[in-house]
Structure formats: C-alpha cells, structure tokens
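Visitor: One structure, pasted below without further comment.
Just so it is clear, none of the values below were taken in a lab; they were calculated from the coordinates. Nothing here was measured: the structure is a model prediction, and the numbers come from that model. Counting neighbours? That spans all protein chains shown, and the Cβs are built from the backbone with ideal geometry, glycine included.
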Amino acid sequence: MGPLSVPAATIAFMTTTTRGVQPRDGQNLVVPVWNALTERADEIRRALPPRPADVRGRWRWLRSLDEDQARRAALLDRLDALCAHVAGRPALGYDSGDLLPAAALEEADGFTSDTFALLIAQYRAQQAVDAG
C-alpha cells in the first residue's frame, strides 16, 4: 500500500496550537494519530521483505515469513487499514462515522508527543463518559 493522502481540511489541523483545545470531537487529533500510525507502518514495511502486489505472490510471501515477520505483517495490515480509516476511507470492522476508533488511538498510544498523548487521554476519557 502506497502513501495515503489526508484531506486538505485535516492537514489544516497540523499547524494549530493545542493550548486550550478541547478534544471532544477529536478533529485536532486526526493528524497526530494518522502520523503515528503511518510512521509505525512505514517502519514495519521497511523491516519486512518487499511485499508483492499480486494475490499469488502475496500468498507465497506470507508463507515465506517466519513467525515474528508474520506477526509484524499482520500488524502492518491493521495499521494500513487504520490509516485509511483515519484519512476518511472507512475500513472494514470500524464504524464509518467514528473518525478515531479506539483501535487507532490504542495503536498510536506511545507514538505521539506528550502534548498529543494528553489530548488523546482526555478524548478517550470523554468518549467513555459520553458512552455512559
């Protein structure tokens, strides 16, 4: 999977300050979460043997991986799906109306700045309160 494009409206959030931002709607978290997921996926992609695009080649590739590589390949698939979802292309298994599913926040946890980690924690706490 090649680089993902993030909608221009989302990119605008890259330059906003986080001081005083309320994370209630999660919009201010989209780019940092997407960046964290993308960086993790790219790191894994570089560590694995090149992945063929065709179905048969991909099947052979998956069978050739050792246990650790196979685990990382599965994580890569998950991260790619979450990157697409956060970028506005809903992924299977995630609510299309949920811009930042819990899985994306969990995978980004520990891979963002301290400022955004705090905002993510506040957002998750608010989501828990809103859920009842």
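Visitor: So, R0 is 35 Å and r is the distance between the beta-carbons of Asp66 and Gln126; what FRET efficiency does that work out to, to 0.05?
Guide: 0.25
Visitor: Okay, next question. At a threshold of 8 angstrom on Cα-Cα distance, excluding pairs fewer than six apart, so keeping six or more, what relative contact order does the range 26-125 reach in percent?
Guide: 40 percent
Visitor: Quick one: in the range 26-125, what % of C-alpha pairs are over 18 Å apart? Mind showing how you got there, number by number?
Guide: Details: 2467 of 4950 pairs.
Considering the range 26-125, 50 percent of its Cα-Cα pairs are separated by more than 18 Å.
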